[in-house]
1. Let me know the whole percent of all Cα-Cα pairs from the range 362-443 that are separated by more than 19 Å.
2. In Å, what is the Rg of the alpha-carbon atoms in the range 319-417, and how long is Dmax?
3. So what is the 222 nm mean residue ellipticity for the chain from helices alone, if each DSSP H run of at least 4 adds -39500 (n - 2.57) and you divide by all residues, rounding to the nearest 500 deg cm²/dmol?
4. Greater than 24 Å separation of Cα atoms is the criterion. Which listed pairs, 192/539; 611/648; 606/640; 101/257; 180/548, meet it?
5. Order these peptides, 451-464, 201-214, by their mean beta-carbon neighbour count within 10 angstrom, highest first.
6. Can you pick out the pairs among 608/664; 276/629; 284/591 whose Cα atoms lie more than 21 Å from each other?
7. Using a 10 Å cut-off on Cβ atoms, rank the peptides 87-100, 514-527, 492-505 from the highest mean neighbour count down.
8. Using only Cα atoms, locate the centre of the range 524-597 and the centre of the range 447-511, then give the distance between them in Å, rounded to an integer.
Amino acid sequence: MKKSLFIVFAFISIIANAQKSNLVLTSNGPVQLMAHLQDDGSFVYSVYYKGKPVVGNSSLGVVLAKPELTLTKFMLNGVDSSFVNQSWETVWGEQNTIRNKYKEFIFHLSDQQTNSYFVNIIFRLFEDGLGFRYEFPKQKNLQYFILKDEATQFKMFGDHKTFWIPGDFDTNEYAYNTTKLSEIDAFTASKKEKDIAVVSLISPNAVQTPLMMKSSEGLYINIHEAALLNYPAMNLELNKDNLTFTSVLVPDAVGNKAYLQAPFKSPWRTIIVSDKATEILASKMILNLNEPTAIKNTSFIKPQKFVGVWWEMHIGKATWFKEGGKHGATTENVKKYIDFAAQHKFDGVLVEGWNTGWEDWFGNWKEDVFDFVTPYPDYDVDALTKYAKAKGVKIIMHHETSGSAIGYERRLDTAYRFMINHDMNTVKTGYVGKIIPRGEHHDGQWMVNHYTRVAEKTAQYKIMLDAHEPVHPTGLHRTYPNWMANEAARGTEFNNAPTLGILPEHNTILPFTRLMGGPMDYTPGLFHFQLNQFESDRKQKVNSTLAKQLALYVTMYSPLQMAADLPENYQKHLDAFQFIKEVPVNWSATKIIEAEPGDYITIARKAKNNKDWFIGSITDENARSLNLKFDFLDKNKKYKAIIYRDSKDADFATNPEAYTIEQKIVTANTELLIQIAKGGGCAISVFEIK
Ligand code: NOJ
Ligand code: CA
């Protein structure tokens, strides 16, 4: 269809006689959907934004291995449509209330050849994008079935600038690449990576989602998935001849994709689009496509800040294991952390290396490395339980599984009872290395089900969960609000990786990619930048200024935020540490002030329980001037702003610790010009003057 003709149609918002016709053409705000069955039986959809093509004539379908069946040519048996406009309250998050407003279309299809296998394609059209999924209704000829492939396509209209990481079945801890679509080269990119535990590349043209693109006309397009349950994760394979992505599902050990039983609904495939980058970050479409909370009583779920016996192992001050005389998780050392947490009002202390098994946890691929209940002899778990309780601090449990999800599953109840008996209600899990023993991948159906089982089981024990090395998040924190954060991307620990480390632009890309699926346990807050404090030959350094480390608490939303550095490094800068102490982890409102993927982000958030605001602004390797208008503040009120900014001579490469703190009275009319250094940032607390 010609573009001009399409625009006319879209304006009058035709929902072409939904019951009979094979065409749906409709819009919700600026986003338009066209979906129909072609003469040859293939089912295609297109997405437009304000009349501009976003995704065009892309076909949908699935291929089954058992029964052997290709479901890509259909008959149409009817179309249902409905409209939903409601709002819901978050348990925690970036805002109190979320509007969920969409038009839904269900295409009832059956296979063209025999008309005896049924599949529905469900579209939900929002004002900021489109979600669609496959549904296998209950039916006679398809009860248990094995999925061989999903033939979902996304045809792009242009050689967009793209922020991508290599497609991979096991890891998402890559540095981001920024190239045109036609220049994607996952193999070359991955060759530069030397510090990732397991790499399972797919093909030179495969990338992971959330995938962020920008067209030459200034459209921002994000592709991902929502509600990934009982199904493998989706990667995308690009055909460079026609700029069309096809879904690549993560296989199991014998190459199948999923073992399913009808009725079944696939995860949603999501396309978020806007001509403003800020609206991509503000989108709540992925959360809206997830089911409401499955946890009835959510009162045990509390956003929190924590410190931990953690970074000292990563930078060589201490070890996870007992031998070697540098064990970090000793009773004495953990008491120091508890004291520090109590003094500065942190909720928790993460303790890694408290339990036996770390001597040979890595690379041996054993099923029973850890039992999750046996402390090292120099870790007095009972004494520390009492000590922490007396100080009003919670110890955060660490369950590294070293890839033995099977071993962990057998011990979940024992491990969580041990936690409850020792007054712990938050666990950080980990899946470093190959998943053993059956050759599954981190992102396949089996592990997706494992992560979900852990979320459900922790909820039964009223435990909050933070998973490291999991599949990419897809908004499931709406359904399981105790599953508060995940790693699932390159986090702070990679500052310590010898090869690529973390480049200043990384934090300006993550919110547009990884964080689209949910909060990240990024562990910000490093105050010491040359990482040779304990091993003098260590070359690694943190590519950030100190002020930027503060700003990350606002720009990288998570209800679990760590202050990652060592207490002794915070002691040297207690004035700047004040911001980490004060910044909330739960918000009533969020305003994305300005953003450009790869370049900069500025966000203001309003505290959950009072009228204070906190602002974070970050840049990439380029210095910039931030022209900050405080027009989000209540009119007729006065506020005290404390500004933590880069000093004039700050620079992530040469002078990262140079910061300046100043106070100003601000109102809704205030405008400030703030200089941000190369690799720098700015954090501001804005307290209401009563
Ligand atoms: C990788 C995790 O991301 C990190 O935080 C943890 O310290 C190590 N694994 C050890 O479990
Ligand atoms: Ca840049």
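Every number here is computed from the coordinates shown, using simple stated rules; none is lab data. The structure presented is a predicted model; accordingly, all values stated were derived computationally and were not measured. Don't worry about glycine lacking a Cβ; one is built from the backbone with ideal geometry, like all the others, and counts go over all protein chains shown.
1. Pairs farther apart than 19 Å: 42 percent.
2. When restricted to Cα atoms, the range 319-417 yields Rg and Dmax of 14.1, 41 Å.
3. Result for the chain: -4500 deg cm²/dmol, rounded to the nearest 500.
4. Violating the 24 Å limit, Cα to Cα: 611/648; 101/257; 180/548.
5. Details: 451-464: 19.9, 201-214: 22.5.
Per-residue mean Cβ counts within 10 Å order the peptides as 201-214, 451-464.
6. Details: 608/664 23 Å; 276/629 18 Å; 284/591 13 Å.
From 608/664; 276/629; 284/591, over 21 Å: 608/664.
7. Averaged packing, sorted descending, gives the order 514-527, 492-505, 87-100.
8. Their Cα centres are 18 Å away from one another.
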